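Let me begin by presenting the structure, written as structure tokens, before commenting on it.
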Amino acid sequence: MPQHSPLLDEVFHALADPTRRAVVERLGSGPASTSVLAEPFDMALPSFSQHLGVLVRSGLVTSQKEGRVRTYSLSPGVLASIDQWMAAQRDVWEKRLDQFDDFVVALHNDKQESE
């Protein structure tokens, strides 16, 4: 049975939405306030705040409130854990594809020998 990571589940859920992915991309340039992040989107601020909440719960983003202004920043540690998971998956699939390639070459060679 495959092992599931609640952290990865939350992160991939958060990244499944294009609005949230755009926010993560924007935060790659540095911290930003709620209003700055919401500016390019055609939605009510409460709806946009829900997207930010999903990002915070996933651990991708942190928030800090100073006075009336809430500022959001990326959490690089979570991004590193995603990168590790992706690298492990890449290794598995590269190994499988190498094995398949070896099988096809052997099959081709066997066919040529029998002709």
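Between the DSSP loop rule and a limit of at most 15 other Cβ atoms within 10 Å, which trypsin sites (Lys or Arg not before Pro) in the stretch 39-90 are left? If you can, show how the numbers build up before the last one.
Values: sites: Arg57, Lys65, Arg68, Arg70, Arg90; in loops: Arg68.
Passing sites in the stretch 39-90 are Arg68.
Can you put Ser58, Ser35, Ser81 in order, fewest other beta carbons within 10 Å first?
Ser35, Ser81, Ser58
Of all chymotrypsin sites (Phe, Trp or Tyr not before Pro) in the stretch 1-78, which ones are in loop regions per DSSP and have a Cβ with at most 16 other Cβ atoms within 10 Å?
For chymotrypsin sites (Phe, Trp or Tyr not before Pro) across the stretch 1-78 that sit outside H, G, I, E and B with at most 16 neighbouring Cβ atoms in 10 Å, the list reads Phe41.
Cα convex hull of the chain: how many Å³ per residue?
151
Rounded to the nearest 500, what is the chain's calculated 222 nm mean residue ellipticity when only DSSP H runs of at least 4 contribute -39500 (n - 2.57) each, over all residues?
Details: 5 runs with 78 residues, N = 115.
Helix-only estimate at 222 nm: -22500 deg cm²/dmol.
Using Cα atoms only, what is the angle between the long axis of helix 76-114 and the major principal axis of the chain, expressed in degrees (0 to 90) to the nearest 10?
Relative to the chain, helix 76-114 is tipped by roughly 20 degrees.
Which angle between 0 and 90 degrees, to the nearest 10, do you get for helix 6-15 versus the longest principal axis of the chain when only C-alpha atoms count?
The angle comes out at about 70 degrees.
How high is the FRET efficiency between Glu66 and Met86 when r is their beta carbon distance and R₀ equals 25 Å, given to the nearest 0.05?
0.15
Once label points are set 7 Å from the Cα along Cα→Cβ at both Val56 and Leu107, what is their separation, rounded to one decimal in nm?
5.4
Taking the Cβ-Cβ separation of Ser75 and Arg96 as r and a Förster radius of 25 Å, what is the calculated FRET efficiency to the nearest 0.05?
The value I calculate is 0.20.
From the C-alpha coordinates alone, can you work out the Kirkwood hydrodynamic radius of the stretch 1-66, in Å?
Computed over the stretch 1-66, the radius equals 12.6 Å.
Where a number appears in this text, it was derived from the coordinates with a stated rule and is not lab data. Here the structure is a predicted model, which means the values were calculated and not measured. Virtual Cβ from ideal backbone geometry, glycine too; neighbours counted across all protein chains shown.
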